[in-house]
Structure formats: structure tokens, C-alpha cells
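Heads up: the structure comes next, in C-alpha cells.
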Amino acid sequence: MTTGNIASKKERKSRRNKPVDENAPLLPKRQEDVGFDEFNGASFTGAVFNLSTTIVGAGIMALPATMKVLGLVLGVSLIIFMAFLAEASIEMLLRFSRAGKCASYGGLMGDAFGKTGRIMLQVAVLINNVGVLIVYMIIIGDVLSGTSSSGSHHAGVLEGWFGEHWWNARTFVLLVTTLFVFSPLACFKRIDSLSYTSALSVALAVVFLIITVGITIVKLINGSIAMPRLMPDVTDMTSFWKLFTTVPVLVTAYICHYNVHSIDNELEDSTQIKPVVRTALALCSSVYMMTSIFGFLLFGDATLDDVLANFDTNLGIPYSSLLNDAVRVSYAAHLMLVFPIVFFPLRLNLDGLLFPSAQPFHQANTRFALVTIGLISLIFLGANFIPSIWDAFQFTGATAAVCLGFIFPASITLRDRHNIASKRDRILCIFMIALAVFSNGVAIYSDAYALIKKNPSPRE
């Protein structure tokens, strides 16, 4: 007996209201169509956890470093501003998806710009998600095995517990994590199957936040924390242009657009998707602000690109070593559970790009396995060759992430194939595109200039 035989009238009505674009190869099929007969739709809570997990990934670890560049006032203001921009861009995607009866981001880009638009979206998701997952692995390697990317060595948890051995070296630890954690979690074929791991990952992120806040409050009380810088320290043109290097990090922190349709498609009641988005963004913005403020308060100008790497020294409070390990291990575990949520749309889009006319992805077990193995291998190699999360964030944030979050939604709205865009929508979209192109262009230039200055030509 299928779900269609036992579903109530209300359930059947809500499912009929879902737009279906059968020509969009990167879409997850409705679960009734792919054999998950027992699935009756995802709950509101499960959807919020899945979307929150998509948002709160590795970006949170680089946010305290943005406070070091921007100062607390400007930094927190931009976190809030980016949350509102993200909500506006997602609202546009959903509105135009309903109008065009598109069930995915790729289908919507195809509706607006044809096959070229759909391919551009798929490529952007590949670049963004591969980059983000590489960052996850880098952070896990930093936490468990240590890092020397800042010039000085910061010991990892395993190194601190057992000393240096071959089995707690970075490459081996990441290999074991990939084989026994990432690979099993990546085998789920339905995103709602990950709702419990998503809830646990959000809980682990909150544990990290509570410990960080607690440590900071104790140090504030005993007077061992100096007054943080409230505004950016701009002394010359180089320091001014450096402000723009934070934009890709802030943009990446809110990129969840590629998973909104997948979560919407599995919701029991599709009218709940907007409250789901707003709830998830509000939750994540609160976590971001508190992490940025208390992380920067705790470490000040010594804040590293990956703030977790700062938790390897004596914090000057009782049980410092235990708290350091609790912070790092809890967030490393969080990232391990976030991995499959970001991996899900990555695999789906790569399959749609390579095999647009093949049978449904979830029914092709061999293809499913080969694409999964290929992507995980690529991410593993990237994590072992890219030294710093800031480098990865600068690349993905200034290219694919800004397209997914702002340029593509704004372009779809300006294209307005269904004549539903208002004057306010158009003004906002022009602003989004101008802001994205200018700020990320400056960020790329600033990074390139800093790299050239850091590695001068041998003839100079």
C-alpha cells in the first residue's frame, strides 16, 4: 500500500499544491515517486533544524575574525543586515518558484534563463558546497590534529591528549573521519532522514556557544579582558580595502538557498516554508552575533581565522584545559553532522549536471555510489592541500556563494517572466547585485594584492 492510498484529504491537498518541474534534472523527486512509501512529509521542527544546520556551518568559526577587522559595532550591524538580505532573497526565490511552478532552485533558473541558467546554478552549487565541505574538513583537522597555518603551531585535541603519533596526524585522522563518519551519513537518500542528526548538530553548536559565553563572562568579572575595539582601525588605503575581505565570509555565513527547495518539497504543509526560513534565520543570526561578540571579547586581536584554534592555550580560569577540549570537540562533532546536509544538494546537482537525461538519481544505486565516492574523495584531497579556512572562504564567498545568495535571486526577479515583481523588488535587486559585485570585486583584488605583497617576485 502506498502513501497515496492512506493519505488523508488534507495531506493530499497540501501535496498537490507543491509545484513540480519534471524537466529540472537536479531536483529531488517527491518521495512518493521514488519509493519512500512510508514518508508522510517533514515536520516544521525538522525543517527548521535542517535549514539551521545548512546555515550554521563552518562560517561561524570565521566570524570572530571579521570582528577583528570590522570592530564590534560595524561587525554586528553587518551580521544583522546580511540576515535581512538573505531573507529577502529567499522570499523572492519562493515567490517566483510558486509563480513558475518550479520545485527547485535549478528549475527556477531554467524557467528564467533556460538551460544556460540551470547549468550556471548547478556549477555555482558545486563550487560553493565543495568549498564549504573542504572548510569543514580543514576545521576538523585543526581541532583534532592541530594547525600551523598562522605561522605558529596550535596543538590539536588528540595531540594534546596523547602526544604526536602517526595515527593522530592530520591526514590519517581525516581519512578515518571520512570513512567512518562522513561516508555513512552521506548514504541517506532523503534529506528529512537527517533531521535528528541536524537537531543534534544545532545542540552541539549551542553547547559551544554556552561554554564560550561562560568563559568570557568569568574573565570579564575577574578583569582579565580588555575593552574590545568597537570600530575598524583604518590607518591607510590598505586597511580600508581590507574591510571588504570580510564580505565573502559574511555572505557565506547565510548561504542556504540551495537547500530551501529540497526542504520545502518534503514539508508536510508547504505553506510553512516561509515561517521555517524566518525561524531558522532568526536562530542562526542570534548564534552568529553571540559567537562573534564573545569570541572577539575573549581573544581580541589574537583571534585567528579559525577561532577554534585559539582554544589550545591556558585561558586563565579553573578547568581551562577541560573547557578548551569541550569547546573544540563539540564543534568538531557539530561539523561532522552538518556535512551530510550540505553534501545532499551537492551530489544532486552534480548528478543533474553530468546525467541530465538519466533515470531518477535515487533509483540508480550504482550511479549514486560512484558520485558519492568521487565527491568525498575530492573534498578529502582539497582539505589536505588548502592550508586555511580564510583562503577557502574568500574564494567560495566571493564567487559561487554571492551568486547563489544574491546575484541569481536578483536576476530572476529582474527578469520577471511572470510579471509579479514590484518596484521595491527591482530597487532591492539592483542594490543586491551592485553590492555583491563591488564588495566581492574589491575583496578579490585586496586578497590578490596581499598575496603578491606577501610573495614578491625573486627579481625584486
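The values are calculated or read from the model by the stated rules, or taken from the named source; none is laboratory data. Because the structure is predicted, anything quoted here is derived from the model rather than measured. Please note: Cβ atoms are built from the backbone with ideal geometry, for glycine as well, and neighbour counts cover all protein chains shown. Calculation scope for accessible area: heavy atoms of the full protein, side chains included, ligands and nucleic acids excluded. Shrake-Rupley method; radii C 1.70, N 1.55, O 1.52, S 1.80 Å.
What the table below lists for this structure:
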| item | result |
| --- | --- |
| Odd one out for residue 384, checked against (1) on the phi > 0 side of the Ramachandran plot; (2) polar (S, T, N, Q); (3) modelled with pLDDT under 85 | (1) |
| Selection from the stretch 155-180 of residues that are β-branched (Val, Ile, Thr) and buried (at least 17 other Cβ atoms within 10 Å of the Cβ) | 157, 173, 177, 178 |
| Single condition residue 57 does not satisfy, out of (1) assigned to a helix (DSSP H, G or I); (2) at pLDDT below 90; (3) closer than 29 Å to residue 382 by Cα; (4) open to solvent by less than 10 Å² (accessible area, probe 1.4 Å) | (1) |
| Only listed residue being free of Cβ contacts under 8 Å to residues at least 60 places away in the same chain and at positive phi, chosen from 71, 146, 114 | 114 |
| Residue match in the stretch 435-452 (condition: of a type in the set (S, T, N, Q) and at pLDDT below 70) | yes |
| Pairs where the first residue, in the stretch 149-174, is closer than 18 Å to residue 137 by Cβ and the second is at pLDDT below 80 and among the aromatic types (Phe, Trp, Tyr), C-beta under 7 Å, 6+ apart | 168/162; 172/166 |
| Options 174, 194: the member that is within 24 Å of the chain's Cα centre (by Cα), at pLDDT below 75, closer than 24 Å to residue 382 by Cβ and of a type in the set (A, V, I, L, M) | 194 |
| Residues satisfying the stated conditions in the stretch 310-324, i.e. over 23 Å from residue 292 (Cβ atoms) and of a type outside the set (S, T, N, Q) | 318, 319, 322 |
| Total residues in the stretch 157-179, condition in contact with an Asp or Glu (Cβ under 7 Å, 6 or more places away or on another chain) and not in a helix (DSSP H, G or I) | 0 |
| The stretch 189-208, residues that are of a type in the set (Phe, Trp, Tyr) and in contact with a helix residue (DSSP H, G or I) (Cβ under 6 Å, 6 or more places away or on another chain) | 208 |
| Number of the condition not met by residue 120 [criteria: (1) open to solvent by less than 20 Å² (accessible area, probe 1.4 Å); (2) out of contact with any Leu (no Cβ under 7 Å at 6 or more places or on another chain)] | (1) |
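Residues are listed down the side, and each one gets a yes or a no for (1) under 30 Å from residue 298 (Cβ atoms); (2) among the aliphatic types (A, V, I, L, M); (3) touching a Cys at 6+ places or on another chain (Cβ under 6 Å):
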| site | (1), (2), (3) |
| --- | --- |
| 323 | yes, yes, no |
| 326 | yes, yes, no |
| 333 | yes, yes, no |
| 338 | yes, yes, no |
| 347 | no, no, no |
| 353 | no, yes, no |
| 360 | no, no, no |
| 364 | no, yes, no |
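Yes/no per residue for (1) modelled with pLDDT under 85; (2) crowded, with 20+ Cβ neighbours inside 10 Å:
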position	(1), (2)
102	no, yes
110	no, yes
145	yes, yes
150	yes, no
